[in-house]
Each structure stands twice: as C-alpha cells, then as structure tokens.
1. Mind giving me the nanometre distance, one decimal, between the label points for E155 and R309, set 7 Å out from Cα along Cα→Cβ?
2. Give me the percent of the accessible area of segment 30-101 that comes from carbon and sulfur atoms, probe 1.4 Å, all protein chains in place.
3. Can you give me the distance in nm between label points at N39 and S189, each placed 7 Å from the Cα along the Cα-to-Cβ direction?
4. Please work out the average accessible area per residue across segment 1-51, using the 1.4 Å probe convention, and give it in Å².
5. From the phi of every residue in segment 55-60, what ³J(HN,Hα) in whole Hz does the Karplus formula 6.51 cos²θ - 1.76 cosθ + 1.60 yield, where θ is phi - 60° and glycine or proline is x?
6. Can you list the HN-Hα couplings for segment 112-128, worked out from phi with the Karplus curve (6.51, -1.76, 1.60; θ = phi - 60°), rounded to whole Hz and with x for Gly and Pro?
7. Whole-Hz Karplus ³J(HN,Hα) for segment 12-22, in order, using 6.51 cos²θ - 1.76 cosθ + 1.60 and θ = phi - 60°, x for Gly and Pro?
8. Averaged across orientations, what area in nm² does the convex hull of the alpha carbons in segment 1-79 project?
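The values are calculated or read from the model by the stated rules, or taken from the named source; none is laboratory data. Predicted, not measured: the structure shown is a model, and the values here were computed from it. All Cβ positions, even for glycine, are placed from backbone atoms using ideal geometry, and neighbour counts span all protein chains on display. Heads up: the accessible areas ignore ligands, DNA and RNA and are worked out on the full protein's heavy atoms, side chains in. Shrake-Rupley method; radii C 1.70, N 1.55, O 1.52, S 1.80 Å.
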Amino acid sequence: MTNIAVFASGNGSNAVNLVKTFNSGNRIHVALCLTDRENAPVIEKMNELGVETIYFPRNVWKEDPQAILDTLRQRDIKVIALAGFLCFLSEDIVNAYEGRILNIHPSLLPAFGGKGMHGANVHKAVIEAGETKSGATVHVVTNEIDAGPIVVQREVAVLPDDTPESLEAKVHEVEYLIFPEAVMKTVASMTPPAVPKSVDDAWAEALGVPNNVPPVPQKDRQPDNSTTDGPHNPTDSHPLNATAYQPYKTASRQANTAATTTEPMPPTFLVWSVIMTILCCTIPGIVAIIYSAKVSSRFYEGDMEGARRASRNAEIWIIISFVLGVITNTLYIPLSIAGLF
C-alpha cells in the first residue's frame with residue numbers, strides 16, 4: 001500500500017476524485033489531506049470520506065516547513081498531489097519529495113502557466129487569446145512555477161461559443177481522468193525492479209500459494225543501517241529512493257536471515273510431486289505440490305519448523321498419491337478385463 005497526501009485550498013473536487021478512485025483498492029491510498037484555509041470546503045468533503053484532514057496556517061507553510069514534513073513522515077506519505085493548492089510550497093518540501101509532488105494545471109503547459117495563472121484566470125486568458133484548444137496538465141512540481149516535467153497532458157476543444165465557465169467544466173472532466181493516471185505512473189516509477197523467480201516461487205504463484213519473499217540477488221543485498229525513514233531525510237530525495245525500496249529491503253533482510261541459518265532448507269520434493277500428479281493421482285499430487293511450494297516460502301521467512309512441517313506433508317501426500325495410483329491401476333486392469341466377458 002502506497003500512502004499519498006493531497007494538498008488543497010478550495011472545493012477539492014480533484015481531491016475527492018482521487019479518494020474515490022483509490023481508497024476502495026489496496027495499492028494506493030489517500031491517507032491525508034492538508035489545507036492552508038481553515039474553512040476550505042475540502043475539509044468537510046474529506047471528513048465525509050473518512051480522510052484525515054489537517055489545517056496549517058499559511059505562516060507555518062512559509063516559516064516552519066519541517067512541521068509539514070514531520071506530519072507527512074509520521075503517516076508514511078510517499079507521494080503528494082496538489083489539487084487546487086494555492087499556498088506557497090517551501091523548497092524544503094519540494095526538495096524532500098523531489099519527483100514525487102504532482103500538480104494539476106488547467107491548461108496545456110507550458111502555455112498559460114506561471115504566476116497568477118490558476119482557475120478561472122486561465123480559462124479567461126485562453127478564450128481571450130482566441131485559442132482553439134486547451135486542456136489539462138499534470139506535472140512534477142519543482143522550485144519553478146509550472147515548469148516541472150509533464151507527466152500526463154490531454155486536450156479539449158475550445159469552441160467559438162465557449163465561456164470561461166463552460167471551458168472550465170470541460171477541462172475538469174479531463175482533470176478527473178488524468179490526475180489518477182499521473183499518480184499511478186508516479187507510484188509505478190517507485191516500484192523496485194522485479195527479481196527472477198525460483199522454480200518454487202513460480203509454482204507457488206501459479207497455484208495461488210502466498211510467497212511474499214522474492215529471491216534477492218547477492219549484489220543487491222545491502223545492510224540497512226538507516227535510522228530514519230521519511231521525507232525529512234536529505235538522502236530521501238529521488239523518486240526511486242530508500243523509502244520507496246523499503247519492501248525490497250525487508251525482503252532482502254529476510255533472505256539474508258535464511259541464507260545465514262545453520263540449517264539447510266528441507267527437501268521440497270517438488271519434482272516428485274509433479275511426477276505423482278501426472279502419473280498417479282491428480283488431487284493428492286496437487287496437494288503435494290502446494291506443500292512443496294510452502295517449504296521454500298517458510299524457509300525464507302525464517303520459519304524452519306514450518307518448512308520442515310511442509311516438507312513432511314509434501315512427502316506424505318506424494319506417498320498417498322502413489323498408493324492411490326497403484327490401487328487405481330491395479331483394480332482398473334482386472335475390472336476392464338472382466339468387462340469384456
């Protein structure tokens with residue numbers, strides 16, 4: 001689960017859209033909303049949706065950004081989405097979350113961006129300029145206004161009879177589509193690279209057996225000496241940072257634990273399980289495969305007793321499959337012969 005925060009100053013329609021998009025799933029979760037306006041309508045909307053909302057006065061945003069960062073760190077926030085946030089954003093926050101702060105802007109940047117270009121001001125300027133198209137842009141926030149790399153952008157047509165209000169409505173519809181898309185792209189960029197699956201892991205995945213510990217190549221195993229984990233850490237400033245790699249580091253520690261144990265992994269009997277499934281009795285053979293897959297899973301979790309128990313169960317079910325297969329074949333031949341007479 002990746003926790004994200006939304007910053008909003010007004011009605012928060014984009015913030016609401018993000019919550020409704022993500023908070024019914026299990027991969028991305030809007031865990032926090034921060035606002036710079038005590039009576040912003042977004043506060044009531046977020047409360048109704050069950051999202052924690054905190055108001056910080058503008059002087060805190062400007063003079064004490066560490067208070068903001070501490071709040072984000074305490075809630076394990078990995079990505080920030082600016083949804084109509086009009087307050088000053090400190091360089092400390094931008095630098096701490098470099099590459100992980102997204103802003104939605106109601107124009108096709110770089111056109112109609114910069115200071116003063118927000119909300120109705122943008123749509124009015126687009127129409128007055130005689131543009132035939134406008135749209136919305138999600139970009140990465142940098143220390144320069146509306147100048148960060150574009151993540152997603154989509155156009156809408158500007159018709160001769162459009163008003164700032166009608167254009168705003170069309171652009172809003174586009175915003176609701178591209179903002180979640182941009183968040184998903186950013187979260188995906190933080191996902192650690194895949195590692196090769198062992199044979200046991202592949203069988204476990206195919207059979208739906210939980211196996212949460214991927215094999216970790218030796219070159220990627222590094223000691224985790226960090227004492228802090230959050231955006232306040234200056235080393236945590238790249239999109240693919242130590243915080244984003246935390247699940248990978250956890251798996252690495254577990255794999256290292258297993259690798260340094262004095263006991264070898266019990267036999268998995270995977271090959272025999274497959275043979276019994278094919279040649280003897282299918283259902284007991286499949287059960288044996290499941291237990292075979294659990295041997296490595298339990299071993300890499302450091303549960304030696306569980307690994308030994310799974311190994312014994314795999315062996316038992318292999319024997320059961322073999323015995324049932326022999327009995328079935330023994331009875332089938334004479335019964336088939338008898339059926340001929």
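1. So the two model labels end up 6.3 nm from each other.
2. Details: 1330 of 3230 Å².
Solvent-exposed carbon and sulfur of segment 30-101 make up 41 percent of the total.
3. 3.9 nm
4. Working: 2230 Å² over 51 residues.
On a per-residue basis, 44 Å².
5. Coupling constants for segment 55-60: 9, 10, x, 4, 5, 5 Hz.
6. So the Karplus estimates, Gly and Pro as x, are 6, x, x, 4, x, 8, 8, x, 4, 4, 5, 5, 5, 5, 5, 5, 5 Hz.
7. x, 5, 5, 5, 4, 4, 5, 4, 5, 6, 9
8. Numbers: hull surface 19.0 nm².
Computed as one quarter of the Cα hull surface, the answer is 4.7 nm².
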